[in-house]
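Since the structure comes first, as structure tokens, the remarks are kept for the end.
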Amino acid sequence: MPPSPPQPPALRSERLLALSSQEFDVLVIGGGVTGSGVARDAALRGLRVALIEREDFASGTSSRSSRLIHGGVRYLEHGHLGLVFESSIERARLLRLAPHLVRPLSFVWPVYQGARIPRWKLAAGLKLYDALALFRNVKSSRGLNVRDVSQAVPGIRTEGLTGGARYYDAATDDARLTLANAIGASEAGAVVLNHASVRGLVLEEGRARGATVVDSLTGQRLTVRARVLVNATGPWSDEIRKLDANGNVPAVRGSKGVHLSVPRERLATDTALTLLSSVDGRVMFILPAGTHTIIGTTETATHAHPTEVRASLSDVDYLLASANAFFPQAQLVREDVVSAWAGIRPLVASGYGHGDANSASREHAIHTSPTGVLTISGGKLTTFRIMARDTVDAVEKALGIPHRKSPTDALPLPGGDIPSFDAELAAARAEVGREDTAVHLVRAQGSRWRRVWGLTRERPELAEPLVPGLPYLRAEAVHGVTHELVLTLSDLLVRRLKVAFETRDLGRAAARVAASDMAPLLGWNSDTVERQLADYSRDVERLFGIDPAER
């Protein structure tokens with residue numbers, strides 16, 4: 001039998017009391033994958049840690065990515081070999097430490113006559129890619145002839161096709177990877193709080209010694225005191241820096257990335273594809289995602305506020321045209337799009353140099369303000385653990401304490417302590433009885449899937465789906481509230497689950513079902529439920545609405 005799971009997070013009231021009554025070694029502002037990773041690493045090193053997130057964990061860029069853990073083959077073209085090496089090592093590590101959340105993904109890269117990257121150059125680049133992974137990737141890359149490509153990718157355009165290559169990276173659930181770090185931080189002793197915003201910094205004798213925080217749910221204002229502050233707010237970094245003394249020089253520059261989801265039957269592929277867009281030649285992906293297929297991504301500099309960034313019609317048309325050029329029989333149109341979303345990559349401003357967003361560096365940087373606030377910016381999803389490790393190293397120096405090696409290079413993320421993913425999946429299949437639900441539960445929860453499924457024994461109605469045809473259960477609404485810090489419908493349907501991404505009504509029908517299960521746990525009466533439903537509808541329109549023009 002597996003070991004008993006850790007206890008759920010403390011009640012929110014208890015966490016608010018702890019934040020207002022204790023002094024912490026470090027206050028981490030921002031609950032994306034980097035900030036959550038910093039909190040977990042710091043807590044595991046024995047520091048007293050507080051983590052504050054203005055909305056929800058992964059509510060920004062960390063839930064709007066390509067969902068890839070990858071070495072970054074396209075970065076080879078720009079000479080970022082160090083980043084590719086570091087990313088490749090982290091990919092292997094995350095496959096080992098979070099096998100439920102990070103899984104191998106096969107890619108086919110077709111090559112056409114006149115392509116910017118011919119077959120010989122692609123083959124050489126992928127051999128370098130293998131070498132930078134120390135030849136320890138899932139499998140080595142190999143060349144493909146025309147027949148190989150057409151068999152691997154039915155429906156792909158064969159006119160002008162000269163062959164291609166197959167290589168390997170990994171797929172993830174970006175929001176749940178972030179959540180695993182936040183939960184891991186909590187289980188290591190950190191006090192974590194979502195839906196609470198930093199409104200000001202506490203400055204004493206020219207040094208930052210805490211922050212004024214407002215609970216978004218109640219309006220309660222409290223002061224959180226800490227010896228060191230870490231700004232890990234990604235695209236919002238400069239907003240926090242403006243609260244600091246002399247924080248007016250931009251540290252980040254936004255690059256917008258847009259993705260589309262279309263039904264799998266409209267663009268079916270069992271393998272991921274790396275393509276050079278026929279529109280402008282930039283690298284893009286087509287990715288299998290269960291009942292859907294993801295097309296992405298754009299990369300354009302943007303001045304849109306991170307809260308308001310969305311896909312535009314020109315983004316949608318660009319991605320559809322790019323996909324149709326390779327799958328001419330698909331003839332995808334705007335009406336095929338189930339959802340479209342955009343995120344802002346918080347690239348280091350100095351990393352742009354004189355190039356565009358596509359060639360800008362993904363290296364991360366840590367900046368210390370005159371008041372001692374540490375700002376971590378740049379980087380990419382794959383290297384979040386390295387970014388967190390380097391940031392906590394800087395925190396230790398700022399505290400003047402002996403260095404302790406980060407334990408996160410060997411310690412599984414919550415749910416990752418499974419000797420065999422296949423064995424865990426077989427057990428879930430036998431107990432759950434539904435293939436899609438069993439796969440979903442194990443991929444989402446890892447070794448902890450029984451905690452969700454066990455709720456259905458006590459209340460059989462919780463085994464009902466939130467959405468017919470999708471694997472998500474009503475039990476996950478209950479578990480989300482009791483164990484995963486869910487406080488709103490968006491927390492559940494946009495980030496703990498992918499319902500909003502995979503339904504044409506963006507999860508509005510599922511929201512009413514979920515609300516009936518969440519209401520007794522969160523103290524919602526009928527009026528509150530209606531307000532929550534209205535808030536959810538506005539929120540998904542903000543996230544997934546398509547603008548007629550660029551902002």
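The values are calculated or read from the model by the stated rules, or taken from the named source; none is laboratory data. These numbers were taken from a predicted model, which means no experiment stands behind them. Note: ideal-geometry Cβ built from the backbone for every residue, glycine included; neighbour counts use all protein chains shown. Heavy atoms of the whole protein, side chains included, go into the accessibility calculation; ligands, DNA and RNA do not. Shrake-Rupley method; radii C 1.70, N 1.55, O 1.52, S 1.80 Å.
Brief remarks follow.
- Total formal charge among the other residues, if their Cβ is under 12 angstrom from that of residue 240, Lys/Arg +1 and Asp/Glu -1: +1
- Cut-off 16 Å, label 7 Å out along Cα→Cβ of residue 421, residues of the stretch 440-463 by amide N: 440-449
- Solvent-accessible area, 1.4 Å probe, carbon plus sulfur percent, for the chain: 53
- For residue 199 and residue 334, the difference between the fully extended length at 0.36 nm per residue and the C-alpha to C-alpha distance is 44.5 nm.
- The residues packed around residue 28, meaning those with a beta-carbon under 12 Å from its beta-carbon, carry a net charge of -1 if Lys and Arg are +1 and Asp and Glu are -1.
- 222 nm mean residue ellipticity, helices alone, for the chain (DSSP H n ≥ 4; -39,500 (n - 2.57); rounded to 500): -10500 deg cm²/dmol
- Proximal lysines relative to residue 380, as straight alpha-carbon distance under 25 Å, when same-chain residues fewer than 8 apart are discounted: 127, 139, 242, 256, 397, 405, 498
- Heavy-atom surface of the chain, accessible at 1.4 Å and reported per residue (Å²): 39
- Net charge over other residues, Cβ less than 15 angstrom from the Cβ of residue 175 (K, R count +1; D, E count -1): -3
- Here residue 21 sits with roughly 80 square angstrom of accessible surface, probe radius 1.4 Å.
- Each of residue 409 and residue 526 was given a label point 7 Å from its Cα along the Cα-to-Cβ line. The distance between the two points is 6.0 nm.
- Within the set (1) 81, 65, 63; (2) 68, 56, 50; (3) 82, 50, 44, the number that Cα extents along the principal axes in Å takes when calculated for this structure is listed as (2).
- Spin-label pair residue 120-residue 279: with each label point 7 Å from Cα along the Cα-Cβ axis, the two points sit 3.2 nm from one another.
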